[in-house]
Structures are given as structure tokens and as C-alpha cells.
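> Have a look at this one before I ask anything.
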């Protein structure tokens, strides 16, 4: 099996990966009980790349479901400038798929020594990150062989959603809703794959693109942008719908497509406005998400089915982007499962 075929297989494995997370929540429940008892004064999260995009999702779901103040922390501040990593009463979360990223391990270890409660989220339980953490949530998604992450990303989202749900006392309902989301994804994957192929063919000359969203779907915009950058070697930049108006819109024209991830929630008007700005500038529009059909003037539409819980929408909305990246890479004669200059484990700090 080629690397691109392995990547496709791992994208299609995601619904079953979420079901495995749902089926064994013991680590999630244990961590949630400790965090609820702590009632942290601040939640600090450190992560890079795909894990960093999952951390963006965490900053929303832990605030919305648990009421915590959450910051994406600077690893450089404690490691290079001598400031404390964390303090007693705070929760420090390190996210690394491999559990081996040196600066994330060092940051979490320092936070533990300074008295914070520490949590590792990783796909490798017996890892350096787990060794320095008070609690570990293993993703349980199975080994991911390709460099470009897919099931580890969405598996991290699923684990974070269930962690927040256990803290908030809604684990049963979120588990049930996540099972429904897995069923929706499983039934939708073949149709999404068929839908992205002609778009990729039409855009095979693509060299730059904006990914635009608002609210919790901003994590999706960043993750799709990363997938397009690493697998297709294009300049993909993610931003909020409102940020696009503050400078970046000047670069939008007929040569700069805009991908809008539209959720059917209170953020939709901001995304619609960004879409209209892009249309007025002559850009091609790719619309995805549960409210994709609301985007006027779209060139391409990749709608996802409405999910039972809006906070779980990013589990679904990222998949058309993963499939598009895979298809576009192949249209460009690139193997998306083995991007150049990259390794699965980032070992340099």
C-alpha cells in the first residue's frame, strides 16, 4: 500500500477511532475528576502543529462547557526567558501525538515542578510526556503511519470534548451525540471523497489560499490550512472571518481562493460577511461546514450534515478538508502521505 493509500485509509478510520475513545473513558474520567476537584484558576495548554490546532479547539470547549479561563501558552517564555511555566492551582496540558516533542515535554515537566496539576494528551502512553504528567489521556486511535495527521487530530478533539463533558457532568449526552457524529461521518465519507475530486482537479494549479472561519471552527480552518501546506506545498493561511477584513482582504482576488467553514450558529453572520467580501473581490469560494449552503456565490460547496451537538461540529467539518488535501496533492503529482522535509516525530526543540 502506498503512503497516499495509507493516508486515505487513516482518514476513513476516524469514525471507528472516535468509537474507541467513547468505549473506554477511564483515563478521561480520572483526569476529569482531578481537574474538577482542583477547579483550576487558569488552564495553560502547550502544543505545536496539528496538536496546536487541537489546543485551539480545547480553548473553546473548556471555556464553553466548564467555564475555565484557557490560554495557549508560550513554551519559549519559561524555556528561554526564565519565567515560571505555571503555578499551584493551575492546570497545564501538554498535547503531543508522539509524546516526544522535546520542548512540550520540558514545559510540562517544569509546570509540574512548579506545583501545577499536569495532563498529557498523546497517542503514546509510555512516552516522555506521560512520564512528567500527573494524568495521561491516551488517544486510543491506533498507530498513525503517515506524516500528515488525521485520526490523531480528530481523536484529540474527541478526547477533549469528552474530558470537558465529564467535568461539566454531561458525559452521557456527549458520548451519545459523538456516536451519532461517528455514524454521520462514516456514511458521508464516500460522498465527500467523490465531491472533492473534481474540485482538486479544477484547482490543481493552486498556490495560495485563505481558510476562514469564526468561533470553534477556527480550529478547523487552521488544521485544513496545515494539511494543504504540508501535503500540497501551497501557501495556506487560516484566519478568523473578522481578521480577514483587517488587511488580509487586500490580497484577495481572482487568483486567491477563499475557503469558508460555516457553522450554523451565532458566528454565521461574520462568515457570510467575509464570504461576500471575497465574492466582491472576484475570488473563487469553497464553502464547507454545516451551513455551507448559506454562503452566497460559492464556486464549490462541501456541506456537512447538521450534527446533534454544535460543539462537536469540528469532528465532521475537518474531514472534507483532509480529503481535499489528499486529492489536491495527487492532482499535483505529490504523495500526500509522505511530505518532503518532514518526519512523523518532531525531535528538534
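No value in this document is a laboratory result; all are computed from the given coordinates. Quick caveat: nothing in here was measured; it's all calculated off a predicted structure. Please note: Cβ atoms are built from the backbone with ideal geometry, for glycine as well, and neighbour counts cover all protein chains shown.
> What length, rounded to one decimal in nm, is gained on full extension from residue 16 through to residue 301, with 0.36 nm per residue of separation minus their alpha-carbon distance? If you can, show how the numbers build up before the last one.
Working: separation 285, 0.36 × 285 = 102.60 nm, distance 2.60 nm.
Additional length available on full extension: 100.0 nm.
> With labels modelled as points extended 7 Å from the Cα through the Cβ direction, what inter-label distance (nm, one decimal) is found for residue 201 paired with residue 187?
2.8 nm
> Top mean-square fluctuation among 261, 234, 137, Gaussian network model of the chain, C-alpha springs under 10 Å?
The residue that fluctuates most here is 234.
> Among 192, 259, rank each residue by its count of other Cβ atoms within 10 Å, from fewest to most, as a rough exposure measure. Intermediate results must be reported in sequence, preceding the final value.
Values: 192 21, 259 27.
In increasing order of surrounding Cβ atoms, one gets 192, 259.
> Counting other beta carbons within 10 Å of each residue's own, what order do 157, 268 fall into, fewest first? Kindly include the intermediate steps, with their values, before the conclusion.
Details: 157 25, 268 19.
Neighbour counts put them in this order, fewest first: 268, 157.
> Compute the distance from the alpha-carbon center of the range 53-93 to that of the range 282-299, in whole Å.
Going from one Cα centre to the other spans 34 Å.
> Here's another thing I want to ask about it. Relative contact order (percent) for the range 65-185, with alpha-carbon contacts under 8 angstrom and 6 or more residues of separation?
Working: 176 pairs, mean separation 23.3, N = 121.
It rounds to 19 percent for the range 65-185.
> Tell me, what is the Rg over Rh of the chain, with Rh the Kirkwood radius over Cα pairs? Before the final figure, lay out each step's value.
Details: Rg = 19.4 Å, Rh = 20.2 Å.
Value, to two decimals: 0.96.
> Want the number for residue 41 to residue 265: 0.36 nm per residue separation, take away the alpha-carbon distance, what's left?
Values: separation 224, 0.36 × 224 = 80.64 nm, distance 2.90 nm.
Stretched fully, the residue 41-residue 265 segment lengthens by 77.7 nm.
> Would you mind checking the tilt of helix 151-168 against the longest principal axis of the Cα atoms of the chain, expressed as 0 to 90 degrees and rounded to 10?
50 degrees
> A further question follows. Between helix 3-12 and the chain, what is the angle of the helix's C-alpha long axis to the longest principal axis, kept within 0 to 90° and rounded to the nearest 10?
Value to nearest ten degrees: 80.
> Something else about it: In vacuo Debye scattering of the range 3-169, one point per C-alpha: log10 I(q)/I(0) at q = 0.09, 0.11, 0.12, 0.13 Å⁻¹?
Those come out to -0.27, -0.40, -0.48, -0.56, one per q.
> Just to confirm the number: angle between the C-alpha axis of helix 14-23 and the first principal axis of the chain, 0 to 90 degrees, nearest 10?
30 degrees
> Over the chain, what is the relative contact order in whole percent, taking alpha-carbon pairs under 8 Å and six or more residues apart?
Working: 727 pairs, mean separation 68.5, N = 349.
Value for the chain: 20 percent.
> For a Förster distance of 30 Å, can you work out the FRET efficiency between the beta-carbons of residue 172 and residue 69, rounded to the nearest 0.05?
Details: r = 27 Å, r/R0 = 0.88.
Computed FRET efficiency for residue 172 and residue 69: 0.70.
> Starting from the 7 Å offset along Cα-to-Cβ, what nm value, one decimal, do you get for the label separation of residue 333 and residue 276?
Placing both labels 7 Å along Cα→Cβ, they lie 4.4 nm apart.
> Still on this structure: Take the chain, connect every pair of alpha-carbon atoms lying under 10 Å apart with a spring to form a Gaussian network, then pick out the residue of 94, 337, 191 with the largest mean-square fluctuation.
Its mean-square fluctuation being the largest, the pick is 191.
> If you don't mind, there's one more thing I want to ask. Quick check on the range 197-296: what are the equivalent-ellipsoid semi-axes from the Cα gyration tensor, as sqrt(5λ), descending, whole Å? Write out the running numbers ahead of the final one.
Values: eigenvalues 73, 43, 35 Å².
In descending order the semi-axes read 19, 15, 13 Å.
> Using a Förster distance of 45 Å, how high is the FRET efficiency between residue 180 and residue 208, based on the Cβ-Cβ distance and rounded to 0.05?
Numbers: r = 37 Å, r/R0 = 0.82.
Between residue 180 and residue 208 the formula returns 0.75.
> Could you please rank 71, 43, 252, placing first whichever residue has the fewest other Cβ atoms within 10 Å of its Cβ?
Numbers: 71 13, 43 24, 252 21.
The fewest-first ordering by Cβ neighbours comes to 71, 252, 43.
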